[in-house]
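A.B. asks: Take this structure first; my questions come after.
The values are calculated or read from the model by the stated rules, or taken from the named source; none is laboratory data. Predicted model only: the values in this text are computed from it and were never measured. All Cβ positions, glycine included, derive from the backbone under ideal geometry; neighbour counts span all protein chains shown.
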């Protein structure tokens, strides 16, 4: 079970994931839950998160590394880059679907994927659906979530957008705040299938290029405290304020 989110910010991208991974038998019955990292950084400039089988995510990661090494997605137009990545991902999915069809069980063949990378020196956030069709996030739709926790994350992200950045991309600080708050909320209220600790990775400008990095535990803790402060502030909203105690004037000295 998985939750992966992405927010296209002003000149940057913030992605996040929970850490719950479910082990299962060959018949699909769950056995245990373990903590894993679900965001991968490829070549220090691409962030990838996959909601699906771990093996599929590993194949996708190898594809991205090979595409970067061969320069097939370096300095190419956005449409061409999206199509090239989608075609390579789809090759693996089609093989899985063909095998699943022969076995009569396609539950593990589908996946959804988020990729954040610089294209034409602009931060680009792309969602690949279960058929590996790409969709680029824009100013009109700057956030996305995938995985079983999506139904928890989408309404919360929509609320934060309506309140804090209704008509434009958020700033990097706003996107980071919204991401951490969303993951903290979902891992707290989720019925067992989305769990902490959370992982945050960012794509940000470094000199003339973009670099991807994962936030440290210390950085995460700072942003978690900001979210806690926001909740404390909201908890006081609407409460009646205590009336000041009137001060009895002192008698004038004779």
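A.B. asks: For the structure I just gave you, tell me whether residue 132 is closer than 22 Å to residue 87 by Cα, touching a helix residue (DSSP H, G or I) at 6+ places or on another chain (Cβ under 6 Å) and surrounded by 15 or more Cβ atoms within 10 Å (Cβ to Cβ).
C.D. replies: For residue 132, the condition - closer than 22 Å to residue 87 by Cα, touching a helix residue (DSSP H, G or I) at 6+ places or on another chain (Cβ under 6 Å) and surrounded by 15 or more Cβ atoms within 10 Å (Cβ to Cβ) - is met.
A.B. asks: Related question: What strands (runs of 3 or more DSSP E) lie completely within region 1-48 and have 3 or more residues being at pLDDT 95 or above and surrounded by fewer than 24 Cβ atoms within 10 Å (Cβ to Cβ)? Can you show your working first?
C.D. replies: Details: elements: 4-9, 12-17, 20-24, 30-35, 39-42.
Once the strands (runs of 3 or more DSSP E) in region 1-48 are filtered for at least 3 residues that are at pLDDT 95 or above and surrounded by fewer than 24 Cβ atoms within 10 Å (Cβ to Cβ), what remains is 39-42.
A.B. asks: Could you list, in sequence order, all residues of region 49-86 that are in a loop (DSSP other than H, G, I, E, B), free of Cβ contacts under 8 Å to residues at least 24 places away in the same chain and either more than 13 Å from residue 118 (Cα to Cα) or within 18 Å of the chain's Cα centre (by Cα) (or both)?
C.D. replies: Correct list: 70, 71, 72.
A.B. asks: Here's a follow-up. Would you point out which residue out of 190, 235, 206, 216 is over 14 Å from the mean Cα position of the chain (by Cα) and crowded, with 19+ Cβ neighbours inside 10 Å? First the steps, then the outcome.
C.D. replies: Details: 235 fails: crowded, with 19+ Cβ neighbours inside 10 Å; 206 fails: crowded, with 19+ Cβ neighbours inside 10 Å; 216 fails: crowded, with 19+ Cβ neighbours inside 10 Å.
On inspection, the qualifying residue turns out to be 190.
A.B. asks: Quick test of your reading of the structure: residue 177 fulfils all but one of (1) part of a loop (DSSP other than H, G, I, E, B); (2) within 14 Å of the chain's Cα centre (by Cα); (3) over 22 Å from residue 2 (Cβ atoms). Name the failing condition by number.
C.D. replies: (1)
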